[in-house]
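What follows is a short report on a single structure.
Nothing in this text is a laboratory measurement; each read-out follows from the coordinates by a stated rule. The model shown is predicted, which means the values in this text are computed figures rather than measured ones. Backbone-built Cβ (ideal geometry, glycine too); neighbour counts: all protein chains shown.
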C-alpha cells in the first residue's frame, strides 16, 4: 500500500468540501423568554471561520475510515483525504497505519522541497507549483509556505461518532439546557459534550478526565463533584451541574465566552496568562499565543464547539439520512437530606439495590456495596413512577425525612 507519486498528486488535489443548507433544529427546550444574567452570546468570530469549517468536515463529512492530511495552523489547507479499507472508527490496523505514515512522510518531503526551492527562487515542477499555489491561496498566504512541513498533521474523521453522540443527546439535551438556563448561562453550552466526549458514557482520557463532561479529578473536587462515595463525573446530569458551576466561575474571571470555553481545555490560569500576554482579543490569542500547553487542542477548542453547535442545530443538513434521537430521560430523582446507605434506600423506596446501582453510575463500589454511606446532598435516580407509587401507598410524607423530591416522571 506504499503511495505512488501519481497517488500523491491525486491526493494533493482532493479537497473535501462541506455542503451548505438550512434544516430544522433537533428536539430541545427553548427557554429564551427570560434574559440570562450574564451575556448569553456565544460569538461566531469571522477570524475563526477556517477552523470552524475544518471541524464541520471532521464531525459531519469525513468518516472514521478517512484521514485528512492538513496544516495544523491554517486549517483551510487540507492537502487531501486518505480512505482506509474496512476500518472501524476506533482503531487502525498496522497496515493502515503504515499506509497513512507513507503518505505523511512523502508529503512532508515534498513540502520541504517546495519551501527550499521557493526560498532560493528555484523553478518548481508543475506538481510543486500546484502545491505552492494551494498553500498561498489559504488564510496563511505566501508566508505559510515556510514551515509547512513542520505543521503537517493528520486528523481522522468522526462522522459516525458524532452522529451517535447526536442520537444520545436526545436523552439529555432538554435537561442540560434547563440546567444552564437556571444557572443564568447560555443554553447552547449543552453542546459541549459533543466536543469533549461525543456523549460516550465511558469516555475517559489518558490524563484522567472522565465522563460526558470530561472533568479531571482536581477540578471535580473543586466544584463539589467527587468524594469517597460518589464520583458525579460519571452521572451526566450531575456533571452538567458541575459544568455550569465551572463555566460560570470561568466566565466571571475571564470576561468572555470564547475565553471561558477555551479554559475548559486550557484552564482558567492558562487563559489568564494568555490575556496578560495579548489582551482580550480572542482571535489574536488563537493566532499568536504560544504559552506553555497552548497547542493545537487549545487553539481549536472554541472553533470545535462552534462547529458542533452548528451541526447539532441542523442535524438534517449534515446527516440527511436522518438521526434517531433517543427519547428524553424518564426517571425520578431525589436529593438526600441525610447520609444514607444503599440498603436503606433500597428498602425505603422498594427498589432492588442492583437496579439502584445500575441507575446511579456515580456511586463508587464502596457505596454500591454498602461499605460507605451516601453523603447528604447526593442525587439519587429512581425508576420512573417510584415517587407516585409511594404516595399511593400513603407514605409520601416520609419522603421529607429521607430525601427531597427533585423530579418525578419525565424530565423536561
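Grab the beta carbon distance between residue 252 and residue 296, set R0 = 25 Å, and tell me the FRET efficiency rounded to 0.05. The partial results should precede the final answer.
Details: r = 28 Å, r/R0 = 1.11.
Efficiency computed from Cβ-Cβ geometry: 0.35.
I'd like the FRET efficiency for residue 324 and residue 216, computed as 1/(1 + (r/R0)^6) with the beta carbon distance as r and R0 of 30 Å, rounded to 0.05.
0.40
Inverting the mean 1/r over all pairs of different Cα atoms, compute the Kirkwood radius of region 331-407 and quote it in Å. Let's see the in-between values first.
Details: mean 1/r = 0.0815 Å⁻¹.
With all distinct Cα pairs of region 331-407 included, I get 12.3 Å.
Largest first and to the nearest Å, give the Cα extent of region 317-368 along each principal axis.
49, 21, 20
Roughly what angle does helix 94-119 make with the longest principal axis of the chain, taking Cα atoms, 0 to 90 degrees, to the nearest 10?
50 degrees
Using the alpha-carbon centroid of each, what span in Å lies between region 241-284 and region 318-335?
Value for the Cα centre distance between the two parts: 30 Å.
Working out 0.36 nm times the residue gap between residue 358 and residue 287, then minus their Cα-Cα distance, what length gain in nm do you get to one decimal? Walk me through the numbers before you get to the answer.
On the way: separation 71, 0.36 × 71 = 25.56 nm, distance 4.60 nm.
Working it through step by step, the gained length comes to 21.0 nm.
Relative contact order of region 160-318, please, whole-number percent, based on alpha carbon pairs below 8 angstrom and at least 6 residues apart.
Across region 160-318, relative contact order equals 18 percent.
So for region 270-336, considering every pair of alpha-carbon atoms, how many percent are separated by more than 17 Å?
Roughly 62 percent, rounded to a whole number.
Calculate for the chain the 222 nm mean residue ellipticity that helices alone would give, adding -39,500 (n - 2.57) per DSSP H run of length 4 or more and normalising by residue count, nearest 500 deg cm²/dmol.
Numbers: 18 runs with 191 residues, N = 412.
For the chain, the value works out to -14000 deg cm²/dmol.
Test of understanding: in a Gaussian network model of the chain with alpha carbons linked when under 10 Å, which of 107, 82, 124 would top the mean-square fluctuation ranking?
Comparing 107, 82, 124 in the GNM, the peak value goes to 124.
Quote to one decimal, in nm, the extra length available between residue 160 and residue 120 on full extension: 0.36 nm per residue of separation minus the C-alpha distance between them. Mind showing how you got there, number by number?
Details: separation 40, 0.36 × 40 = 14.40 nm, distance 4.53 nm.
Fully extending the segment from residue 160 to residue 120 adds 9.9 nm.
Fully extended, how many nm does the chain gain between residue 371 and residue 276 (0.36 nm per residue separation, minus their Cα-Cα distance)?
In short, 29.3 nm is gained.
Modelling each spin label as a point 7 Å along the Cα-to-Cβ direction, I'd like the residue 142/residue 347 distance in nm, to one decimal.
8.3 nm
Contact order normalised by length for region 331-407, with contacts defined as Cα pairs under 8 Å and 6 or more residues apart; what percent is it?
Working: 107 pairs, mean separation 40.8, N = 77.
Normalised by residue count, the contact order of region 331-407 is 53 percent.
Normalised by the number of residues in the chain, what is the relative contact order in percent for Cα pairs under 8 Å and 6+ residues apart?
Reported as a whole number, the value is 18 percent.
Taking all pairs of different Cα atoms in region 160-318, averaging 1/r and flipping that mean, what Kirkwood radius in angstroms comes out? Before the final figure, lay out the partial values.
Numbers: mean 1/r = 0.0624 Å⁻¹.
In region 160-318 this quantity evaluates to 16.0 Å.
Evaluate 2.2 N^0.38 Å with N set to the residue count of region 198-252, then give the Cα radius of gyration divided by it.
1.04
Would you mind checking the tilt of helix 268-278 against the longest principal axis of the Cα atoms of the chain, expressed as 0 to 90 degrees and rounded to 10?
Its long axis makes an angle of about 40 degrees.
Go from 0 up to the bin containing the longest alpha carbon distance in the chain, width 10 Å each, and give me the % of pairs per bin.
4, 19, 26, 23, 15, 8, 3, 1, 0, 0
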